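The values are calculated or read from the model by the stated rules, or taken from the named source; none is laboratory data. Because the structure is a prediction, the values reported are computed rather than measured. Note that we place each Cβ from the backbone using ideal geometry, even for glycine, and neighbour counts take in every protein chain shown.
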Amino acid sequence: MGKKIQTVLITGGAGFLGSHLCEYFLGKGYRVIGVDNLITGCEANVRHLLRQKKFFFLRQDVSTPLRVKEKIHFVLHFASPASPPDYLKYPIETMKVGAFGTYEALSLAKDKGSVFFLASTSEVYGDPEVNPQPESYWGHVNSVGPRSVYDEAKRFAEALAMSYWREHRLDVKIARIFNTYGERMRPEDGRVIPNFISQAIQGKPLTVYGDGSQTRSYCYVGDLVEGIARLVHSSLHQPVNLGNPNEMTVLELAEMILKLTGARSKIIRRPLPIDDPKRRRPDIRLAKKFLHWTPKVALREGLSRTIAYFRSQTLGKKP
Ligand code: UDP
């Protein structure tokens, strides 16, 4: 007799990370239920999965109760607008999904006796005063600034998940995900990599916010999915940073994308968004030690794959 098939429910299943996770778990033989209200997710991200017998898609706002009859072994909570322009456009929805959505996902996991996985974020560190950021750093967040709708919602989500672990011994895992990029980001997502690639392949100027000296560290989606899968199956309960420590300035990124696309676009300056973090780099010692995980895909390689994906979308097919 074969092993019994296990079920994974992924909120935000039609989003950038959620859709890669649906694909990953289907590939490993799980039944997968993707839940998404499609405000920033796209049905197109999972259309190719709908033909698979073990994939189910539920269009629902996860801030409302999740009613599922069957046994669920893993609840992965990824639903949330995640790019700064998206969460500024949907501030209340972002707070609702971080608060009520997390509560509903935790309640479901508690009812079903599932493992619960929270997609948290490097934004819990705000504009950090220490670099790189270890998990032990408490952060530097403006609790009333425009970004707080995302930062504080995720901080609340972490606190709520930890309460379920302490109070109910719910098997909770928390990943603090740093900047991630790759196939299935929307061209209009608004984050720096989709913006620069779309601009470059359309021959438009690349919009650098501020003087471009602020830093980020970018992780390829395939590496991140591998880290998430390892954390899901681990016995860790404290938050774990997942990201690529390869830190660079926004200006360096713009130049790299110009080189890789062969575009002759100019670089233009735009105002720096309020509370834009000046630097960000994950300290991944915990993930290395306990998950034996380290990102493998170099930025150049990951960007080339992402550029090819963007070109394959209608955007790149202009005359
Ligand atoms: N950024 C930029 N030009 C853009 C989009 C973003 O210079 O067209 C900058 C942004 O100000 C930030 C960095 O790139 O310093 C990363 O921004 P992103 O929105 O990708 O994610 P964040 O790390 O701020 O959440």
Close pairs from region 273-291: first under 24 Å from Ser83 (Cβ atoms), partner of a type outside the set (Gly, Ala, Ser) and within 9 Å of the ligand (Cβ to nearest atom), Cβ under 6 Å, at least 6 apart: Asp275/Arg147; Lys278/Gln214; Arg279/Thr215; Arg280/Arg216; Pro282/Phe178
Total residues in region 241-285, condition assigned to a loop (DSSP other than H, G, I, E, B), among the β-branched types (Val, Ile, Thr) and surrounded by 16 or more Cβ atoms within 10 Å (Cβ to Cβ): 1
Selected residue (criterion: nearest to Asn179 (Cα to Cα)) from residues of region 85-110 that are surrounded by fewer than 20 Cβ atoms within 10 Å (Cβ to Cβ) and within 16 Å of the ligand (Cβ to nearest atom): Pro85
Residues (more than 10 Å from the ligand (Cβ to nearest atom), acidic (Asp, Glu), modelled with pLDDT of 95 or more and part of a loop (DSSP other than H, G, I, E, B)) located in region 166-221: Asp171, Glu183
Residue list for region 112-127, restricted to those being within 13 Å of the ligand (Cβ to nearest atom) and buried (at least 20 other Cβ atoms within 10 Å of the Cβ): Thr121, Ser122, Glu123, Val124, Tyr125, Gly126
Selected residue (criterion: surrounded by the most Cβ atoms within 10 Å (Cβ to Cβ)) from residues of region 128-170 that are among the small types (Gly, Ala, Ser) and in contact (Cβ under 8 Å) with a residue 60 or more places away in the chain: Ala157
Exclusive hit being under 19 Å from Ser120 (Cβ atoms), small (Gly, Ala, Ser) and either touching a residue at least 40 places away in the same chain (Cβ under 8 Å) or surrounded by 18 or more Cβ atoms within 10 Å (Cβ to Cβ) (or both), set Gly227, Gly222, Gly212: Gly227
